[in-house]
1. Scan 155, 191 and give me the residue that is aliphatic (A, V, I, L, M) and either out of contact with any Asp or Glu (no Cβ under 9 Å at 6 or more places or on another chain) or within 30 Å of residue 607 (Cα to Cα) (or both).
2. Regarding region 557-564, can at least one residue be identified that is open to solvent by 30 Å² or more (accessible area, probe 1.4 Å) and in contact with a Ser or Thr (Cβ under 9 Å, 6 or more places away or on another chain)?
3. Only one of these is of a type in the set (A, V, I, L, M) and touching an Asp or Glu at 6+ places or on another chain (Cβ under 9 Å): 514, 489. Name it.
4. I need the full set of residues from region 288-333 which are part of a helix (DSSP H, G or I), within 25 Å of residue 366 (Cα to Cα) and touching a strand residue (DSSP E or B) at 6+ places or on another chain (Cβ under 7 Å), in order please.
5. Do we find that residue 608 is assigned to a loop (DSSP other than H, G, I, E, B) and in contact (Cβ under 8 Å) with a residue 12 or more places away in the chain in this structure?
6. Would you point out which residue out of 425, 433 is of a type in the set (D, E, K, R), surrounded by 15 or more Cβ atoms within 10 Å (Cβ to Cβ) and touching a helix residue (DSSP H, G or I) at 6+ places or on another chain (Cβ under 8 Å)?
7. Condition first: hydrophobic (A, V, I, L, M, F, W, C) and either open to solvent by less than 10 Å² (accessible area, probe 1.4 Å) or more than 25 Å from the chain's Cα centre (by Cα) (or both). Now tell me which residues in region 232-248 satisfy that.
8. For the subset of region 268-278 comprising residues that are out of contact with any strand residue (DSSP E or B) (no Cβ under 8 Å at 6 or more places or on another chain) and in a loop (DSSP other than H, G, I, E, B), which member is surrounded by the most Cβ atoms within 10 Å (Cβ to Cβ)?
Amino acid sequence: MGQRRVWLFAAVMGAAVAAAGCGGQTGLNMTAKASAALEVSTAKLPTGTVAKSYSAALTASGGRAPYQWQVAAGQLPAGVSLSSSGALTGSPQQAGTYAFQAAVKDAAGALAQRKLSVTVAQTTASNTPAPVLDEYGGIVGLAAPGGATGYFRVAKAGSRWVFVDPLGNEFWMLGVYDVSASNAPDGLPGASYYDRILAKYGGIAQWGVQAAKRLKSWGFNTAGEYSSAYVVAVDQYATRNTTSPIPSVGMIRPNYYSLIDSGNYAPGPVKDLMNGLDGNYQNYAGDPVADIYDPNYTAYVDASVAAMSPPAVANSPWIIGNTVEDADDLWGFGPGPDQPTSPAGHATSNLGWIALCTNFQQSANPKYGEVYTDTKVYTKYALQAFLEQKYNNSIAALNAAWGSDYTTFGDAGGFGTGTGLLDEDGRNPWVGDDDVSLSTATPAVRADLNAFMAQYVQRFFQIVTAALRKYQPHHLIFGPATLNGWGGISRQAVLAAAGQSVDVIQANAANQAIYDQTLQWAGDKPLVAWVGFTANPDSDLYAYSHLGDVATQAVRAAEYASTLDRLYSYAGSASDGSLAGSQNFVGMKFWAWSDSWGEKANWGLVSLLDNAYDGKEDTVAAGVDPWGFVTGGEAKNFGDIITGVKQENEKIVEELAQQ
């Protein structure tokens, strides 16, 4: 928990860019692709209210960043202005609908425009009191269908999916990932974030209490994956708890830890299929593909989940549920070829291609320092059995369908040189080197590899969900964090398998088309999104640039508000059939609690000095926070994301209460 891990997720908005992976992983495809044409992505702006703070962000896609915005024609509401970075901010002064032409210019000088409008509603004569929240963050008086069970669950109230808290009240997840204290040296005074908070709070336990209090004061209600044992109500092994509990989401990571048999939960380590690929594979190779057909994998999942499920954990009402894996450890589950990624080149490999082209045996894996006594790669043999069954054990029948010339389903001369199916490494023309869309494979190869890919992902979900339902039956199961990355969409087989297996799918939706396609492929399932933005120029990492940076903390706040408004308002289109009008987003989690020194990226709500980015704590001058703890000491005075984030969080809760 002490080590920070940065995830490979696409930003929810089409213009934003995801974090790089641990150790500088980027997930980039090696094949360059042409940039898409510049266009204004924003199609609809949130409604404002007279005399109340308004924030929204205009977004663009394609072209070459950075973008410059202006109003080309029309009129914004009095009191609202558009910054060159695309932030609409201010307090509208008069009700009405204001149409204007938004214009964006990219670094190459290309121009794009779109007609937009802002509707401003009149302030109501009587102020509706803010919703009252119960101890878990649910809305008192907003009872969900099915009532209280003593644990978190999900339910559909009319056309909208919601979480239901242990007391039976509706709850929209407003979470923050990785509420933790990194002890990695960061070059700032005090050695590390961990050392600085020890000095500030007098101990890690007090920091955990304050972190939960700060989150709740900013309108958040959930500590997401990778959060410290000192923040969550009860950690995965029931070794610690806090006096200021906040609901949390845990995570299992078998596709990483089984590769090193961490905890000795299996007879031996599981192999990584990526380790068995040769030079015919030219895509990204930083994320693993676990050999889930190995009996060691099932043994590892079962034993490791049992170990993290003592009664205090399995019966805790504060644990919303568990995520089945970090998407960084599930290469092939991320975006596929069906929608372009942003930036281009982030589509992941087809797992059928990986299974076919990996070596059928491995004796060692230098990356993990593992030597194998059992050299069999079970997934490749599972593919062999799959094809033998389909073609009635006739290699001639497979060759006729594939246009291949294998001599046997087995090994005939060795991997990469032999003539057997097991010797395939991607060198043969009927397979081709397009591991993403299989465009260079023959049609029968493409169909068979897609079918095996579907079998692989179904097996993964069956194994991990069986263990979680066995040992933690009261807690929800969340899909990998997070599908539909990089502004794209995961493959149909992945979303369908997730929809059949988990309780909540974690998936982004960069636009209405991706939202609709997700519903059509996954079915009527609740969705939780990943959200994150950086503004290095207005942060303690001002000396470094980061891909996707916006200019200020105020723009980050506007991006946050615009994204949450979009997620909350998504509804199925007519093309979704019975799911037309269905509102499936039940929440989001923000990446992250604090800035990342390793990435040199301003992901945080707080700086590396533990100052909230609120325009008050994050300053040169010393001060104190609302609880009396010392703030300030920054190299410069920085801006305010917290105010806008808090306002948006409160707005979402109010809208849910009034619906």
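1. After ruling out the rest, the residue left standing is 191.
2. Looking through region 557-564, none of the residues is open to solvent by 30 Å² or more (accessible area, probe 1.4 Å) and in contact with a Ser or Thr (Cβ under 9 Å, 6 or more places away or on another chain).
3. So the residue among 514, 489 that is of a type in the set (A, V, I, L, M) and touching an Asp or Glu at 6+ places or on another chain (Cβ under 9 Å) is 489.
4. 297, 327
5. yes
6. Result of the check over 425, 433: 425.
7. Selection gives 238, 246.
8. Only one residue tops the list, namely 277.
The values are calculated or read from the model by the stated rules, or taken from the named source; none is laboratory data. Just so it is clear, the structure is predicted and the values come from calculations on it, not from any experiment. We place every Cβ from the backbone using ideal geometry, glycine too, and count neighbours over all the protein chains shown. The accessibility values were calculated without ligands, DNA or RNA, using every heavy atom of the protein model including side chains. Shrake-Rupley method; radii C 1.70, N 1.55, O 1.52, S 1.80 Å.
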